[in-house]
Amino acid sequence: MGADIIIGIQWGDEGKGKIVDKLCKDYDFVCRSAGGHNAGHTIWTNGKRYALHLIPSGVLHENCTNIIGDGVVLSLEALKEEMKPFGDLKNKLFISQKAHLNLKHHSLMDLAREKMRGKKAIGTTGRGIGPCYADKVLRTGHRVFELLNPQKLCADILADFAMYEDIFKAFDIKKPNENELLEELKSYKDFFEAFITDTNLMLYKALNEGKKILIEGAQGSMLDIDHGTYPYVTSSSTTSCGALNGLGLSPKQCGKVIGIAKAYTTRVGNGAFPSEDLSEVGEKIAKIGNEIGTSTGRARRCGHFDAVAVRYAASLNGLDYLALMKLDVLDGFEKVKICKAYEYNGEVITYLPNDLENAKPIYEELEGWDKSAGIRDFDSLPKNAKNYIARIEELTKTKIKYISTSAEREDIIIL
Ligand code: IMP
């Protein structure tokens, strides 16, 4: 038995948190494998809203062990803050010693670079994700286990500032005060030491013992550094293969892969979005769907379901099935649209060209429905909602197993 993976297959914010939360009770481990506190997973339970960024969603379930894996870029400051509402997480949360430290200067550099890019800004979350991964790839980063020796880590960070002085100067980032930095690192060591471990070993042991592991993907496949809409992407591998790698697991340890998609499409930040709807229809979807970013509070761009992008992401991830989220947001629309192909250079295509911004959506229009909100069994769905779901299955060539009909944990149809 391998690790099951929940993966976003649009541009992030698909509602992964709700599915992970729903499935958690059947798993012993819930793991984050990549990204950082740019991610935001919202979970509603008993009318209470939890916004998670770095902590895996298993934290809300008593029997789940939660792992922040090797591929994550970790802001100690953000994680400490996020842990506050959950009380003592010792023996419930573990952090890979190999994860990279996302330090203060990374977010300063992220913001400065975005400013320098001007019109070509990516629209990042400003959380230092790109600069931290850049340091990792340049082999100038620092890993979590280094925190266990704060004196050395402090000296090494200061040495970076001396070695790359010109770069920091260009970004107008000042060298930290040695005493302040050391005190800060010491206090993080005291706080985090009990959580830092060899999570690879933990997971191998768990798999050998037949324990059940769920990997909670972050962002979405279309934001993948290799396969997304580059350069308007995040800096990590957001696909199922990246998820395994980010935890030190091999393809042979892969279980089921579940792709999460909204019943429409959203995107935060800049970059191509062929099925974006800038009319009052898109505005209405944004309003009903409360499409505001969990991490940054930014308004999300909204549009219609893009079956071309989802089919591409389905094959990229090797999906076993799809979860279709927020179907209820489309309740009450007279017509609903699915983008089934693009017009590109005078041709009709059903793949994603590199210059996706030049692809125009070709829509299929379907009849809308009155109400799906709160429905928990498939047979009770309105006929037109069923037609919409069937058409998405056909066009994406992927079986739909879950349909979410509200933000509440129990409002879900399982097929
Ligand atoms: P970064 O990950 O902060 O570097 O941002 C790069 C791009 O990914 C921007 O367009 C962000 O809006 C987007 N992005 C990053 N994390 C998320 C997420 O969790 N949900 C949706 N979009 C995200």
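The values are calculated or read from the model by the stated rules, or taken from the named source; none is laboratory data. Only a predicted model underlies this, so the values are computations on that prediction, with no experimental measurement involved. Neighbour counts run over all protein chains shown; Cβ positions are idealised from the backbone, glycine included.
Just one of the numbered conditions (1) within 15 Å of the ligand (Cβ to nearest atom); (2) in contact with a helix residue (DSSP H, G or I) (Cβ under 9 Å, 6 or more places away or on another chain) is not true of ALA78: (2). Within region 284-297, the set of residues being within 14 Å of GLY40 (Cα to Cα) and in contact with a strand residue (DSSP E or B) (Cβ under 7 Å, 6 or more places away or on another chain) comprises GLU291, ILE292, THR294. Select from region 250-283 the residues that are in contact with a strand residue (DSSP E or B) (Cβ under 8 Å, 6 or more places away or on another chain) and in a helix (DSSP H, G or I) and write down the one among them that is farthest from the ligand (Cβ to nearest atom). Looking at residues that are in contact with a strand residue (DSSP E or B) (Cβ under 8 Å, 6 or more places away or on another chain) and in a helix (DSSP H, G or I), I get GLN253.
Condition (residue is touching a strand residue (DSSP E or B) at 6+ places or on another chain (Cβ under 8 Å), within 22 Å of ILE122 (Cα to Cα) and modelled with pLDDT of 95 or more) applied to region 197-211: is it met by at least one residue? No, region 197-211 has no match at all.
So for region 70-88 (the condition being part of a helix (DSSP H, G or I), modelled with pLDDT of 90 or more, basic (Lys, Arg) and under 23 Å from GLU184 (Cα atoms)), does at least one residue qualify? Yes; the residues of region 70-88 include at least one that is part of a helix (DSSP H, G or I), modelled with pLDDT of 90 or more, basic (Lys, Arg) and under 23 Å from GLU184 (Cα atoms).
Any residue that is more than 16 Å from the chain's Cα centre (by Cα) and either within 16 Å of the ligand (Cβ to nearest atom) or touching a residue at least 60 places away in the same chain (Cβ under 8 Å) (or both) - is there at least one of those in region 5-21? Even if it seems obvious, please write down each step before you answer.
Residues of region 5-21 more than 16 Å from the chain's Cα centre (by Cα): none.
No.
Of all the residues in region 293-316, those that are within 15 Å of the ligand (Cβ to nearest atom), part of a loop (DSSP other than H, G, I, E, B) and not small (Gly, Ala, Ser) number 4. When region 22-36 is limited to residues that are more than 9 Å from the ligand (Cβ to nearest atom) and assigned to a loop (DSSP other than H, G, I, E, B), the one that is farthest from SER315 (Cα to Cα) turns out to be ASP28.
Listed by first and then second residue, the pairs linking a residue in region 178-192 that is over 14 Å from ASP156 (Cα atoms) and without any contact (Cβ under 8 Å) to a residue 60 or more places away in the chain to a residue that is surrounded by 13 or more Cβ atoms within 10 Å (Cβ to Cβ) and hydrophobic (A, V, I, L, M, F, W, C), with Cβ atoms under 7 Å apart and 6 or more places separating them unless they lie on different chains, are LYS189/LEU147; LYS189/LEU148.
Note on region 265-288: residues that are in contact with a Lys or Arg (Cβ under 6 Å, 6 or more places away or on another chain) and crowded, with 20+ Cβ neighbours inside 10 Å total 4.
Any residue at all in region 127-141 that's at positive phi, touching a residue at least 40 places away in the same chain (Cβ under 8 Å), buried (at least 17 other Cβ atoms within 10 Å of the Cβ) and within 16 Å of the ligand (Cβ to nearest atom)? Quick ask: steps written out before the conclusion?
Keep residues of region 127-141 that are at positive phi, which gives 128, 139.
Narrowing further to those that are touching a residue at least 40 places away in the same chain (Cβ under 8 Å): 128.
The next check asks that each one be buried (at least 17 other Cβ atoms within 10 Å of the Cβ); those that pass are 128.
Those still in the list that are within 16 Å of the ligand (Cβ to nearest atom) too: 128.
Yes - at least one qualifying residue is present in region 127-141.
Per-residue answers, yes or no, for (1) touching a residue at least 24 places away in the same chain (Cβ under 8 Å); (2) touching a Pro at 6+ places or on another chain (Cβ under 8 Å); (3) surrounded by 15 or more Cβ atoms within 10 Å (Cβ to Cβ):
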residue	(1), (2), (3)
VAL72	yes, no, yes
SER75	yes, no, yes
GLU81	no, no, no
GLY87	no, no, no
LYS90	yes, no, no
ILE95	yes, no, yes
LEU101	yes, no, yes
MET116	no, no, no
LYS119	no, no, no
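Only one entry in LEU356, LEU352, LEU366, LEU395 is over 28 Å from the mean Cα position of the chain (by Cα) and at negative phi, namely LEU366.
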